[in-house]
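Contents: one structure, followed by commentary.
The values are calculated or read from the model by the stated rules, or taken from the named source; none is laboratory data. Treat the numbers as computed from the prediction; the structure is a model and nothing was measured. Don't worry about glycine lacking a Cβ; one is built from the backbone with ideal geometry, like all the others, and counts go over all protein chains shown.
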Amino acid sequence: MELSSLLHDLHLSSSSSAEKLLPSPSLPPITELLSRLQQQLIGATDKSSLIGRVEQLFQSADPHWLFSPASANHGAEQEAAGRAELQAAYISVVGALIGCAALPLCEDDCGSLPAAEYRSVPPRAVPVSSALRALLRTLGNWEGEGGARGGQTALLLAVAPQICVFTVTHFQDQVWTSSSSREAAKSLQKALLKAGSWRDSAHLLMGDGRSGEEEEEEGGKSRGILGGILDVLQPQLTKDSWQRCEAVKLVFSWTLLQVTRPALSPHLPRLLPPSLLLNDHHRPENCMLGVRCLHHIVLNTPASDLRQFNTADVLYQALFRHLFTTEAAVIQLVLSCLLDLLLVLEKPPSSLAPSFSRRKPCHHDDVLRLVLTHMEAEHKVALRRVYASALLQYLDRMGVAVCRHLRRLERVMLGYLEVRDPPEETSRLKILQVLQKTLKAAWPRMESRVDMLLRCLLRLLVDVSSDSQLSDSVKQEVMNETAHCIKLLDGCSHGKLQSLLQQVDSSCCSSEVLGCLATVTIRAAR
């Protein structure tokens, strides 16, 4: 490759000591060239041509000159110092390249800029991706051919975190990306995985989880770069800075959601604070992102680690506050996360069934009590559906301990069964399933409530059978679930409903209702 024009532009000249060490006496030490390149990339006004020449440099230059420190033939200490200097130089150059396509920052904590502010980002991201891809390809081939000798793998691991953050920033469908920049970023990500022999993104972050000796024996390629990525993101993930760049939260959440147990637990002190910052934000989209991160942490961290330093209690308090919001999407995520977190904090109430009347109220009771309270007064259809679905899951967990909440639960069930929810009748169907679970779990306490529940179920049958907005399949499903509830009610009353059902006036209801009631009485008779 002809480097004379590039060296002339950078005002570099070779030294006598460098001439003895390098393949060509006309080439300066690579660290000196990289230092000048960094300065030029930061200060140049027309960076596109310079980025193109950097790409040519990585494509055509002698790999031994590119990736070997000038002190490679000296003592062990000097060689180690040379490698450290080389890594620092490449980190600086890669950072300068990535900075050429950096996103504009918000001047305050609004965390959002007009789309017009990002128009210049995609055209700059494409050549940067191409230059970095050339570096990774040359470095990967050099290592694959045996040119590393123990030092160049560390070089790849040094630059990989910055490159990974760049690719994740630009392969997402956001206002600062275009179809071409997304394709370029995806191609760069593939080059990164290939250069380090990583199978996929999760393997890139976590590695193989092997010991340090095994990693050294295999050239270090089994090591993950999660720690390095967090080092890159950490300065931007503080309370005062994370909202200034919209991409930071997306890169962090993508990184976290790729990491599973047991790799997540050692990094918990660095992963939890940003997740809590997102969770506590007032904007629903940020809050939902934070809840997803916290839920992933709960699912992929051992319970013992979450209980340490009261971490689980901190998570519970942070999530419990969201139960007072009116955003259906947030409530849905929070209730799902709490359901898994409660198993970390305490045993399921159903496991304490023999002594539920004597035990003290627990976190399960607190959550269920608040959910039922909100359900009573809720009129928004979206929230009613979320609550009805979540209630079914919580009753599965409560078991017979639901007896502590029967009075409030009864009011909720009656209220929800009386209100239409076309076209799928989602809320009614979920509440019918809730009633079935309640009747099975707390049947000794239900005999006194049979009359009120039966009247409600009969009205439901009549309403649904005459509702022209419902499809036949939805009608049939609701009527079948209702018939099952009536059968369970009959069991709670020790068969006392049979005579009442047989006396229903056929002139007051349709043949569909009569047929549904007939199936109940026939099954009971059998």
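Scanning segment 98-130 for residues that are among the hydrophobic types (A, V, I, L, M, F, W, C), buried (at least 21 other Cβ atoms within 10 Å of the Cβ) and either outside the structural domain of residue 177 (by TED's automatic domain parsing) or in contact with a Cys (Cβ under 9 Å, 6 or more places away or on another chain) (or both) returns 125, 128. When restricted to residues that are over 21 Å from residue 436 (Cα atoms) and β-branched (Val, Ile, Thr), segment 373-404 contains 1. Applying the condition of being crowded, with 20+ Cβ neighbours inside 10 Å and assigned to a loop (DSSP other than H, G, I, E, B) to segment 176-199 and asking which residue is farthest from the chain's Cα centre (by Cα) yields 196.
A search for C-beta distances below 7 Å between a residue of segment 35-57 that is surrounded by 13 or more Cβ atoms within 10 Å (Cβ to Cβ) and any residue that is part of a helix (DSSP H, G or I) and of a type in the set (Val, Ile, Thr), counting only pairs 6+ apart in sequence or on different chains, returns 37/54; 37/93; 38/93; 51/128.
Restricting attention to segment 218-248, the residues being under 24 Å from residue 114 (Cα atoms), crowded, with 17+ Cβ neighbours inside 10 Å and either modelled with pLDDT of 95 or more or of a type outside the set (D, E, K, R) (or both) number 8.
When the helices (runs of 4 or more DSSP H) confined to segment 266-353 are screened for residues that are of a type in the set (Asp, Glu) and within 30 Å of residue 380 (Cα to Cα), those reaching at least 1 such residues are found at 284-299, 328-345. Candidates are the residues of segment 440-457 that are more than 17 Å from residue 418 (Cα to Cα) and of a type outside the set (Phe, Trp, Tyr); the one that is surrounded by the fewest Cβ atoms within 10 Å (Cβ to Cβ) is 444.
Any idea which residue in segment 37-82 is modelled with the lowest pLDDT, counting only those that are charged (D, E, K, R) and in contact with a helix residue (DSSP H, G or I) (Cβ under 9 Å, 6 or more places away or on another chain)? Here the residue is 47. Among the residues of segment 458-501, those identified as outside any loop (DSSP other than H, G, I, E, B), hydroxyl-bearing (Ser, Thr, Tyr) and surrounded by fewer than 20 Cβ atoms within 10 Å (Cβ to Cβ) are 465, 473, 499.
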